[in-house]
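Down below is the structure, laid out as structure tokens.
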Amino acid sequence: MPDLDADPVAPSETSAPAPQGPLHEQVFRRLSADLMAGRFAAGQKLPLRALAVEMGTSLMPVRDAVQRLESLGALVSTPGRTMMVPQLSSEERADLIRLRMLLETETVHAAAERRSEEDLADLSEDNAAMRIAAERGDTTAFLAANLRFHRGLAAAARIHFLEALLDPLWMRLGPVVRELTPDRANMLRTTDYHDQILRALLRRDGAAAQAALSADVMDGVQAITAGALPQG
């Protein structure tokens, strides 16, 4: 993916900052969502001025936001003092997915016990959006809907502090997914795993939900080991 200086990326509908809160917080939430959804590629430079222009704001809130992201390890600064999405080794990528396995299998088990009918409806809608995007070959829409699905599982679990643990992992994995670019078959396979998760949630079957989530994540581990896409 090219640098923002050369080819600014139009804001996505899923990453626009919420209107509430200070401007630097809005920018931080938007950039966090963009990283998690794979809008930026590993190794991509993010010049502050280009970000400020794209977001229609001054440099100060952008600078504050990227400094917070740097403190989380989601961005790094280059020798030229430009912010950049970090490039991870294959071992680091695999370890991130294994950490997701630990956290998200517990997440989905709790979601099976605590989910509401509204949660199920939202998750079904997100997975349907993923399938439509996969059929169309729309990677950006697919990754955005995939993020909504996994964040929806976390919300349905109703576990305190869970978002603070999962978001930094997703921020690191999103660019890896963008860098490797999923193909149609891979995207459709992910939606099949999600269908299995949804059926388990409907039955409130935590063990089955864990098994489906584990299969989804392990598919990503195998893909990373082979140098292909980490998905799930």
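Looking at Arg100, is it within 20 Å of His194 (Cβ to Cβ) and in contact (Cβ under 8 Å) with a residue 60 or more places away in the chain?
So Arg100 passes the test.
What number of residues within the stretch 56-71 are touching a Lys or Arg at 6+ places or on another chain (Cβ under 9 Å) and open to solvent by 40 Å² or more (accessible area, probe 1.4 Å)?
1
Is there any pair with a first residue in the stretch 47-69 that is under 13 Å from Glu25 (Cα atoms) and a second that is open to solvent by 10 Å² or more (accessible area, probe 1.4 Å) and not in a helix (DSSP H, G or I) whose Cβ atoms are under 7 Å apart and which are 6 or more apart or on different chains, and what are they?
Once the first residue is under 13 Å from Glu25 (Cα atoms) and sits in the stretch 47-69, its partners that are open to solvent by 10 Å² or more (accessible area, probe 1.4 Å) and not in a helix (DSSP H, G or I) give Val66/Met83.
Residue by residue, here is whether (1) at pLDDT below 95; (2) farther than 30 Å from Val217 by Cβ; (3) under 16 Å from the mean Cα position of the chain (by Cα); (4) among the charged types (D, E, K, R) holds:
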residue: Gly21; (1), (2), (3), (4): yes, yes, no, no
residue: Leu31; (1), (2), (3), (4): no, no, yes, no
residue: Gly38; (1), (2), (3), (4): yes, no, yes, no
residue: Arg49; (1), (2), (3), (4): yes, yes, no, yes
residue: Met83; (1), (2), (3), (4): yes, no, no, no
residue: Ala111; (1), (2), (3), (4): no, no, no, no
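So in the stretch 81-97, with the set limited to residues that are part of a loop (DSSP other than H, G, I, E, B) and in contact (Cβ under 8 Å) with a residue 40 or more places away in the chain, which one is farthest from Leu51 (Cα to Cα)?
Among residues in the stretch 81-97 that are part of a loop (DSSP other than H, G, I, E, B) and in contact (Cβ under 8 Å) with a residue 40 or more places away in the chain, the one farthest from Leu51 (Cα to Cα) is Leu88.
Condition check ((1) surrounded by fewer than 20 Cβ atoms within 10 Å (Cβ to Cβ); (2) in contact with a Gly (Cβ under 7 Å, 6 or more places away or on another chain)) across all residues:
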{"residue": "Ile97", "(1), (2)": "no, yes"}
{"residue": "Ala111", "(1), (2)": "no, no"}
{"residue": "Arg114", "(1), (2)": "yes, no"}
{"residue": "Ile132", "(1), (2)": "yes, no"}
{"residue": "Thr140", "(1), (2)": "yes, no"}
{"residue": "Asn146", "(1), (2)": "no, no"}
{"residue": "Glu163", "(1), (2)": "yes, no"}
{"residue": "Val177", "(1), (2)": "no, yes"}
{"residue": "Arg199", "(1), (2)": "yes, no"}
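So His160 ticks every box in (1) at pLDDT 95 or above; (2) assigned to a helix (DSSP H, G or I) but one. Which box is left unticked?
(2)
Return the residues of the stretch 152-161 that are touching a residue at least 40 places away in the same chain (Cβ under 8 Å) and open to solvent by 60 Å² or more (accessible area, probe 1.4 Å); say none if nothing qualifies. Please lay out each step first, then the result.
Pass one, the stretch 152-161, residues touching a residue at least 40 places away in the same chain (Cβ under 8 Å): 153-154, 156-159.
Arg158, Ile159 - these are the residues of the stretch 152-161 that are touching a residue at least 40 places away in the same chain (Cβ under 8 Å) and open to solvent by 60 Å² or more (accessible area, probe 1.4 Å).
The values are calculated or read from the model by the stated rules, or taken from the named source; none is laboratory data. For clarity, every value in this text was computed on a predicted model and none was experimentally measured. Counting neighbours? That spans all protein chains shown, and the Cβs are built from the backbone with ideal geometry, glycine included. For accessibility, only protein heavy atoms count, side chains too; no ligands or nucleic acids. Shrake-Rupley method; radii C 1.70, N 1.55, O 1.52, S 1.80 Å.
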